[in-house]
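Trainee: This is the structure, below, for whatever I ask next.
Values in this text are rule-based calculations from the coordinates and carry no lab data. Being a predicted model, the structure only gives us computed values, none of them experimental. For neighbour counting, all protein chains shown are included, and Cβ atoms are generated from backbone atoms with ideal geometry for every residue, glycine included.
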Amino acid sequence: MSPGSHQDSWDCSPTPSRALTPKKEVLMAPHDSMMSRSPLSRGITRRSFVGSIGLVAFGGLLTACGSDETPSGGTTTGGGASSGSGGGGGNIVIGEVHATTGPAASTYKNYFIPANIAVAELNAAGGIMGRQLTENLKDDGADPAKETQVFRQFAEEGVNFVIGPNTSTTCLAAVPLATQSKILNLNVSTSDKLNDVASYPYSFLIGPTNTPAMNAIVDFAVAQGWTKIALLHSNDTFGQQAVDPITARAKEKGAELVSVVEHAVDATEMTPFVSKIQEAAPDVVVCIQALVPTQTAMFNAFQNLGFDVPKIGTTSISSETLRVAVPAEAYANTYAVYLKSFSYTATEQVSQKNLDYLKLVTAQAGNFNGLTTAGLVYGPYDFLHMLKIAVEKAGSTDTEAVVKALEEMDPYDGVAGTIKFTAESHNGLTDDALVVCKAASGGDAAKSQGGFLLERG
C-alpha cells in the first residue's frame, strides 16, 4: 500500500488474496409472510433443554454415546442413522468446520457450542420435518489450504448445510467449492466479499461484516473527539480488509488516518510495530487481529512502551481469553465492536431471552477462564432455528429451495437481534445491530454473565 500524505504504511509481506468465482444467478421470488421468533421467546426453558441433552453428544470432538467416526475423519454426533442433509427419511446432517488443532485452536475451541444448543432444542421439538439433526464436525486447523478437502468431503457425504469456517481467510478459501457443490453455509466471518449474493448464492452471514464494523469504530472514535486515528492490523484477509473502509470512513467523518502498520498474522513480538504507531502520536489505535497470542503480545507491547492510548477492535478483542492474559491496566482503555442485543447501559438491560440463552451456553462452557465469547453470541444458534423454518416452508432440504425460503422469510427475532435475509443481501444483521462497548466490562462478574455482556462505551 502506498503511503498517503498523512499515512505511514508498514508492509510485512501480506498473504495473497484469493480470487473470487464467476458470478451466478440467484433465485428471486415474491415475499410470503412468515412470523418468526426465537424458541427462547416461545418459552423453551433451561430445564426442557437439559432434558433433551441426550439427543446430541455435546462437546464436538468428545466421544459420547451415539458418536461414531465418519470415513472422512470428522465426528458425527447424535443418535440414529445418518443420510446426509438431502432427501430420505434419515437424519439431517449439519456440517460444522472448526479449528480444533493448530495455533488457532485456543481461539476457536468453543465455537461449536451455539450449534450444539440449537440442535438439542430442535431435536427435542421433533427435529426438522420430523427428522432428527446430526452434527458432523471437521477440523480445518484454521488452515485455508484444507478447506477444499473439507468441503469436498461434505459434498461426497451429501451434506447440504454447513456452519463455518471461522475466519475470513478460511471462509474465502471454502466458498468457491461450497458454491460449486451447492452447500448452503453460514460463514462465521467478517468478510464483505462473502455477502456477494450473485457470486456466492449459498453463503450466509449473521454478524458484523467488515465495512459496518469499521464504520462503527470510526464513528465512535470521532464522537469521543479522537480524530487522529492509527490502524495496526495483521497481514491476513481479516486484517487487510480493514484498511479501505477505515480510510474511507475517516475521510468522510473529517478524521485523519495518521499511521497504518501491518504485521505478520501470528506475530508474537509486537514491540516494533506498536513503536512505529507510537511515533505518529495518534489519539486512538484501531487494532485488527484474530489470534489471541498476537493480541496478548500487542497489549504487552503497549504497556512496556508506556503507550497509554485508547484501543478499539472487533469483537475478538473483548474475549475472556485475552482479558485474563493481559494486565488490567493495559486493557482498561480498550473498546470492542459488539452486538447491541448483548450490551447494556445504565437504563437499558439485556433481554430475558438472551439471558436464558447464556444460561444454556454456560451449562456447556463450564469454566470461563480461557473462553472466547465472539463465536458464542453470533449466528449459528439463530441460523439453525431459521433453517428449520425455511426447510419446512420449502418442504425440502434442496438448497436452492431453502435459500429462496430464507430470502422470503419475515424478520426473525433472534438472540443476535432482528435478522432479515433478502435476495440482495445474505447478511442478516443491519448496521444498527452494532455498538462499541468497553472491553474490560466483560470482567464484571455480576453484570457480564461470564464475559458475554458488555457495557456500551
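Trainee: For segment 142-186, I need the span (max minus min coordinate) of the C-alpha atoms along each principal axis, in Å, sorted largest to smallest.
Mentor: Largest first, segment 142-186 extends 24, 18, 14 Å along its Cα principal axes.
Trainee: Sorted by mean Cβ packing within 10 Å, highest first, what order do the peptides 176-182, 138-144, 282-288, 300-306 take?
Mentor: Numbers: 176-182: 18.3, 138-144: 22.3, 282-288: 24.9, 300-306: 16.6.
Those peptides, ordered most packed to least, come out 282-288, 138-144, 176-182, 300-306.
Trainee: By what distance, in whole Å, do the Cα atoms of segment 207-347 stretch along each of the three principal axes, largest value first?
Mentor: Here the spans come out as 33, 33, 28 Å, largest first.
Trainee: Based only on Cα atoms, what Rg/Rh ratio does segment 141-243 have, Rh being taken as Kirkwood's radius?
Mentor: Details: Rg = 15.9 Å, Rh = 14.7 Å.
For segment 141-243, the value is 1.08.
Trainee: Subtracting the Cα-Cα distance from 0.36 nm times the residue separation, let me have the gained length for ASP219 to GLN349 in nm, one decimal.
Mentor: Length gained between ASP219 and GLN349: 44.5 nm.
Trainee: Report, to two decimal places, the Cα Rg of segment 317-457 normalised by 2.2 N^0.38 Å (N = number of residues).
Mentor: With N residues counted in segment 317-457, Rg over 2.2 N^0.38 Å equals 1.17.
Trainee: Let me ask you something else. When the chain is fully extended, how far beyond the present Cα-Cα distance does GLU252 get from ASP432, taking 0.36 nm per residue of separation? Provide the component values of the computation, followed by the final result.
Mentor: Details: separation 180, 0.36 × 180 = 64.80 nm, distance 1.86 nm.
Computed gain between GLU252 and ASP432 is 62.9 nm.
Trainee: Now a separate question. What ranking, highest mean first, results for peptides 290-297, 114-121 when packing means the other Cβ atoms within 10 Å averaged over each residue? Please report the intermediate quantities before stating the final value.
Mentor: Values: 290-297: 21.9, 114-121: 25.8.
Put in order of decreasing packing, that is 114-121, 290-297.
Trainee: Obtain the nm distance between the two label points defined at ASP196 and ASP308 by a simple spin-label model: each point lies 7 Å from its Cα along the Cα-to-C-beta direction.
Mentor: For ASP196 paired with ASP308, the spin-label model returns 4.6 nm.
Trainee: Before anything else, pin down the relative contact order of segment 209-313: Cα pairs under 8 Å, at least 6 apart, normalised by residue count, whole percent.
Mentor: Numbers: 172 pairs, mean separation 33.6, N = 105.
Here the relative contact order equals 32 percent.
Trainee: Now for a separate question. Rg to Rh ratio, segment 174-215, alpha-carbon atoms and Kirkwood radius? Display every interim value, and only then the final one.
Mentor: On the way: Rg = 10.3 Å, Rh = 10.5 Å.
With Rh from the inverse mean 1/r over Cα pairs, Rg/Rh is 0.99.
Trainee: Next question, about the same structure. I need the semi-axes of the equivalent ellipsoid of segment 242-300: take the C-alpha gyration tensor, multiply each eigenvalue by 5, square-root it, list largest first in whole angstrom.
Mentor: On the way: eigenvalues 100, 35, 14 Å².
The equivalent ellipsoid of segment 242-300 has semi-axes of 22, 13, 8 Å.
Trainee: What is the gain in length, in nm to one decimal, between GLU392 and GLU156 on full extension, counting 0.36 nm per residue of separation less the C-alpha to C-alpha distance?
Mentor: Details: separation 236, 0.36 × 236 = 84.96 nm, distance 2.44 nm.
That pair, GLU392 and GLU156, stretches by 82.5 nm at full extension.
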